Amino acid sequence: MNVYHFKKGTEICNYSYSSKILSIRLNRQRLVVCLEESIYIHNIKDMKLLKTIMDTPPNTTGLCALSINHANSYLAYPGSATSGEIALYDGNTLKTACTIPAHDGPLAALAFNSTGSKLASASEKGTVIRVFSIPGGQKLYEFRRGMKRYVNISSLVFSMDSQFLCASSNTETVHIFKLEHLTDSRPEEPPTWSGYMGKMFQAATNYLPAQVSGMMNQDRAFATVRLNISGQRNICALSTIQKLPRLLVTTSDGHLYIYNLDPQDGGECVLIKKHSLLGSGKMEENTENDLRPPLPQSYAATVARQSTVPSTSTMPGYSEDGGALRGEVIPEHEFATGPVCLDDENEFPPIILCRGGQPGKAKRS
């Protein structure tokens, strides 16, 4: 693994590990390196090795998630290879926070929201997505992505304001869920036949088995996108562009799709632009669907509002022991010396380059 300074373009340090690097996560406080059966936690300020989590359950895909909020540097990773148990670790205090029994089957996706207060998860079945509070681990939401077929969840991401959660898979459909609960203060519906049957159906769930009634109470997608491809890996992002909510989808064939998201009514998202990342770089606009009147300014201001993140000059969990010399293999139970300091802690964090080669060693590009 090579660590480079983002602005200066210079190498800070490089590390070698005992086995193949499967994934790397970082924020302004911590850098996490995930191997198949161990996890290394570094201090981003001087790249010292703070903690090695040994003998983790076999994690062949390197599945883990680190909160981007450095004040809440929580790390989530599979706590079991056979069930959907989530191990939650506090990267600041370097202590285990809790264990969450999230799913019956093995985990396939994990994602924190921007403040590190919520964690979303999906299993290998890909039919149910759950959201938990952090650090307590209480279940807050449960969404059903589908029932007819199992899928491989390739992307799970919150919007910056944590109002929406997006899930994409190897199918042609992208699902967007809205994180809200209906209250009991809703106005009484008019006495219609459909309303009467709806109340009867809801009351009947109290007498059904817990598994069946739970399935009926799961929320469905608030908005959806139908891609013109399926079977390809894709990555999604929920962003605010020109003060309006947008869904961005990047597919493995080198295309970026930008969709409009109606935050009030949801429904089918409208394709606005398509961009080729591998070709000429020209943007194809769907002008017919992009001429709709803009949303009211009051909502735009709400969407554009950023969450307030407490900032601290010092964080718990620093260790004076640790670090590694350039190119040295980090021992399993001992820390080497030789910290490497960044000049300005207010500058961008370093970037990580990791390429295949000999197991556990990343080559410079």
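The values are calculated or read from the model by the stated rules, or taken from the named source; none is laboratory data. In this text the structure is predicted, and so the values were computed from the model without any measurement. As a convention, Cβ positions derive from the backbone with ideal geometry for all residues, glycine included, and neighbour counts pool all protein chains shown. Heavy atoms of the whole protein, side chains included, go into the accessibility calculation; ligands, DNA and RNA do not. Shrake-Rupley method; radii C 1.70, N 1.55, O 1.52, S 1.80 Å.
Based on this model, can you work out whether LYS51 counts as open to solvent by 30 Å² or more (accessible area, probe 1.4 Å), farther than 23 Å from ASN113 by Cα and assigned to a loop (DSSP other than H, G, I, E, B)?
no
Exactly one of these conditions fails for CYS13: (1) in a strand (DSSP E or B); (2) farther than 30 Å from PHE164 by Cβ; (3) open to solvent by 20 Å² or more (accessible area, probe 1.4 Å). Give me its number.
That leaves (3) as the condition not met.
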